[in-house]
Every structure is written in C-alpha cells, then in structure tokens.
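Trainee: My questions will all concern the structure given below.
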Amino acid sequence: MSALRTLLVGLGARGAFWAEVINRSPDCELVGYVDPRPEALQQARERFGDRPAFADVDEALAAIEGVEALVLATPPEGREQQIRAACERKLPLLVEKPLALSLEEAAVTVRQAEEADIPLMVGLNFRYLAVTEETVWLLREGVVGRPEFARFTYERWRDGYRARLNKYPLSMVHPMLWEQSIHHFDLMRFVYGAEPETAYCKTWNPSWTMYADDTNVSAIFTFTGDLVVNYQGTWQSGWQEPHFEWRTDCTEGILTQGDQFGELSFARRHDPSLTPVSLSPHEQWITDTSGVLRAFVKSVVGGEPLECSGRDHLKSLAMVEACITSSETGRAVDVRAILERLTG
Ligand SMILES: NC(=O)c1ccc[n+]([C@@H]2O[C@H](COP(=O)([O-])OP(=O)(O)OC[C@H]3O[C@@H](n4cnc5c(N)ncnc54)[C@H](O)[C@@H]3O)[C@@H](O)[C@H]2O)c1
C-alpha cells in the first residue's frame, strides 16, 4: 500500500505537531506546506524537511501532483476556501477542532463534504489517549458499574500572550467553549457512550482576565441513560499551576482521572483506597495525534468506518451552543431540540 499523499495547511502551533506526526507515519507522505506567513513556511522547511511551500491552498493543489488528502490546522474562522478546494477535488479532509465557530456553519460544512462524497474527520486527539481508551474499557466492562453522575474540572491559567501559542483566542467570542471545552464535551459523549439532553450553564470572565470574552464555564448537563455531569472549566484560573479532575460516580464505585493525559484510578464502593490503572507510555501531543491520523488513514485507505466524523462532531458543538444560549437566557436548554432544528 503506498503512502497517502497529504498536504498540510496551516503551520502554526498545531500545524507543527501535525508535520511531525505525518512525517513519522509510515502510512502518509507529507507532500507540501500551505501558510500565508512566509516565516511559518521557512520554519517548517527547516524543521520538517524541504518541500514545496505555498501561501494558498488552490495554488498548492494546482502545483503539486497527486495530492490525496488535506490536513487543516488553520484557525476555525476562515476555512471556507480550504473546504471548498477539498470538496471540488474530492480530497478527504482531516480538520482541527472546532469544525467552525457556529453550529450552523459546521452543519453547512458537513453537508458540503457529504454532497462531495468525501470523508470529513475532526481532529479530536484526546479520544486517542491511553487514559481515554482505558476509561472506555473500564466503563464498558462495568468494573465499577454504570455511571450516574460525574464532576469534570479543568482549571488552567492560560497565558494567551505566550510565544508559540495561537493568539486569535485572545479576541474571539467564547474562547474557552469553542477552543477548549469542545474537547471535554466530546470526551463526555465518547467515554459514556451517551448523548446530551439538556444544558444549564453560566459563562463569565474573571476580573483579571487577558481575554476579551468569557474564559469561565460552569455547566450541568444531563445525558441519555440518566447521567448528570457537572462541568467547570477555566482558562484564567487564579493560580498558574493547572488542575484537572474528572470523577465519575457509578453504581458500584468510582473512576477518577487526575491529569488530562493520564493518572487513572478506580475504587469499588468499600475499597479503602484507589487502585491505579497502568497506562501505556505516551508522548504528549504525538501519540494522541498519531492515533487520529491512523484512524483517518484506516478509513480513507482501508475503507473502515470514519471515527470523529464531522456529523458526529455536530453533537458536541450543539453542547457549546446550548451553553451559550443558557448563559444568555438564564434557562436550561434542550440540546436535542437544537440538533433537531438543524437536521429538521
Ligand atoms: N487538537 C488539539 O489538541 C489542538 C491544540 C491546539 C490547537 N488546535 C486547533 O488547531 C487549529 C489551529 O490552531 P493553532 O494553535 O495552530 O493556531 P495558530 O494561530 O498558531 O496557527 C494557525 C496557522 O494557520 C495559518 N493560516 C491562517 N489562514 C490560513 C489559510 N487560509 N491557509 C493556510 N494557512 C492559514 C496561520 O498563518 C498560522 O500559521 C485551531 O482550530 C485550534 O483549535 C487543536
């Protein structure tokens, strides 16, 4: 099987990881770079190998022969040209999260890809962490029974001015929800194998924030299967040391994850202490992103069902939109109704 000839579009913070991961993959060949910033192209050539480099995706596709797939690591706003280019040429697309900055726009993109009959995968790399895979396994096997309620806490002081970190979240609307919580909402759906029913949420900005719009999200979700999840996320914590805790209380015990990349333990109701779960070694941002790429290739080349499809992603984006509406209105929002209106 020959390697999938892949064009990488967007060479910022995330694009650099994608270049590394595509380069390391035996299943893909990195055939060129696209970014309007000459310095980004230059750096990519130096770090990841000299390849044809272009400021514009249409230019790249006209010049490079036999491109077979596009990876988009561009900001979520302004991807229309890249999506259109892929659809016109029937090129499978792997797009970074969030697919768009509104549910409606994301749904238009999903329909565009379906009409063009091309796979559209969203880069939800946290699904491919060993800690996530183990959690799914433990819940499926019923090691601590069936989940009934959970608390998901993500507290981080994210210095939005730090070098080599994207800058657009500083001025965007709801940066926490669209950029960060979207991963968490996707993980909840994935790990529990459940779909959101309602959301009650408040978003706000602390007085010391460096972001133009809300970085704090406090939400209660109900899911199918009588599951309630209490979510608290912030990018502007009062302390620079990050804190992550995701605890799920089940009919016969608990599961708890103490770090976003690992530290999984469980306890049955009367256990005196937690039992740590051993996890396979992990190279941060590489192992997980490689998992996304492998799943993409398995579908595009191997014909297996597409994981993290754009259509599936709409359900997580609906949770984001429900949070925004709930915070604006002060009322609980029916997530199912939002999705029904969309597919209606
Ligand atoms: N999955 C993850 O863990 C993860 C982590 C970080 C970022 N991301 C996502 O990756 C995407 C990019 O984020 P980032 O941190 O790399 O942002 P960034 O601002 O660092 O980089 C974006 C790059 O895209 C380039 N670009 C802009 N318009 C372009 C166009 N039309 N054609 C080609 N290139 C263009 C910019 O010049 C820049 O180099 C976002 O959707 C973000 O949410 C995902």
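Trainee: Cβ-Cβ below 7 Å, separation at least six or inter-chain, first residue in the range 26-37 and in contact (Cβ under 8 Å) with a residue 60 or more places away in the chain, second more than 12 Å from the ligand (Cβ to nearest atom) and part of a loop (DSSP other than H, G, I, E, B): which pairs?
Mentor: Cβ pairs passing all conditions: D27/A3; C28/A3.
Trainee: Something else now. Within the range 153-171, track down each residue that is assigned to a loop (DSSP other than H, G, I, E, B), crowded, with 19+ Cβ neighbours inside 10 Å and within 12 Å of the ligand (Cβ to nearest atom).
Mentor: If the condition is that a residue be assigned to a loop (DSSP other than H, G, I, E, B), crowded, with 19+ Cβ neighbours inside 10 Å and within 12 Å of the ligand (Cβ to nearest atom), then R158, G160 are the ones that fit.
Trainee: Scan the range 223-239 for residues that are surrounded by fewer than 18 Cβ atoms within 10 Å (Cβ to Cβ) and either within 23 Å of the chain's Cα centre (by Cα) or assigned to a strand (DSSP E or B) (or both) and jot them down.
Mentor: T224, V228, N230, Q232
Trainee: On to the next question. Condition first: part of a helix (DSSP H, G or I) and within 8 Å of the ligand (Cβ to nearest atom). Now tell me which residues in the range 2-18 satisfy that.
Mentor: Within the range 2-18, A13, R14, G15, A16, F17 qualify.
Trainee: Oh, and also: Return the pair list, or none, for Cβ contacts closer than 8 Å from residues in the range 158-186 that are within 16 Å of S237 (Cβ to Cβ) to residues that are within 8 Å of the ligand (Cβ to nearest atom) and acidic (D, E), at least 6 apart or on different chains.
Mentor: Pairs found: P169/E179.
Trainee: Check Y168, Y154 and return the single one that is assigned by TED's automatic domain parsing to the domain that holds N205, more than 19 Å from A322 (Cβ to Cβ) and among the hydroxyl-bearing types (S, T, Y).
Mentor: Among Y168, Y154, only Y168 is assigned by TED's automatic domain parsing to the domain that holds N205, more than 19 Å from A322 (Cβ to Cβ) and among the hydroxyl-bearing types (S, T, Y).
So that you can scan it fast, the table gives a plain yes or no per residue for (1) among the charged types (D, E, K, R); (2) more than 16 Å from the ligand (Cβ to nearest atom); (3) touching a residue at least 40 places away in the same chain (Cβ under 8 Å):
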residue: T135; (1), (2), (3): no, yes, yes
residue: R146; (1), (2), (3): yes, yes, yes
residue: Y192; (1), (2), (3): no, yes, yes
residue: T209; (1), (2), (3): no, yes, no
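Trainee: OK, next. Go through Y200, Y192 for me and flag whichever is modelled with pLDDT of 95 or more, buried (at least 20 other Cβ atoms within 10 Å of the Cβ) and within 28 Å of G310 (Cα to Cα).
Mentor: Criteria check complete, one pass: Y192.
Trainee: Are any residues in the range 95-122 away from the ligand (no atom under 11 Å from the Cβ) and either within 15 Å of the chain's Cα centre (by Cα) or touching a residue at least 60 places away in the same chain (Cβ under 8 Å) (or both), and if so, which ones?
Mentor: Listed by number, the residues that qualify are S102, L103, E104, A106, A107, T109, V110, A113, E114, P119, L120, M121.
Trainee: For the range 245-261, give me each residue that is in a strand (DSSP E or B) and buried (at least 16 other Cβ atoms within 10 Å of the Cβ).
Mentor: E245, W246, R247, T248, D249, C250, G253, I254, L255, T256, Q257, G258
Trainee: Same structure again: When only residues in the range 203-222 that are among the hydroxyl-bearing types (S, T, Y) and closer than 25 Å to Y168 by Cα count, which is surrounded by the most Cβ atoms within 10 Å (Cβ to Cβ)?
Mentor: T215
Trainee: Identify all residues within the range 19-31 that are assigned to a helix (DSSP H, G or I), within 16 Å of the ligand (Cβ to nearest atom) and touching a strand residue (DSSP E or B) at 6+ places or on another chain (Cβ under 9 Å); write none if there are none.
Mentor: A19, V21, I22
Trainee: Tell me which residues, restricted to the range 288-310, are more than 16 Å from the ligand (Cβ to nearest atom) and of a type in the set (D, E).
Mentor: If the condition is that a residue be more than 16 Å from the ligand (Cβ to nearest atom) and of a type in the set (D, E), then E304 is the only one that fits.
Trainee: Would you pick out the residues in the range 296-340 that are in contact with a Cys (Cβ under 7 Å, 6 or more places away or on another chain) and not assigned by TED's automatic domain parsing to the domain that holds N230?
Mentor: Once the filter is applied, which keeps residues that are in contact with a Cys (Cβ under 7 Å, 6 or more places away or on another chain) and not assigned by TED's automatic domain parsing to the domain that holds N230, the range 296-340 yields only V297.
The values are calculated or read from the model by the stated rules, or taken from the named source; none is laboratory data. Only a predicted model underlies this, so the values are computations on that prediction, with no experimental measurement involved. Here Cβ is always computed from backbone atoms with ideal geometry, including for glycine, and neighbour counts include all displayed protein chains.
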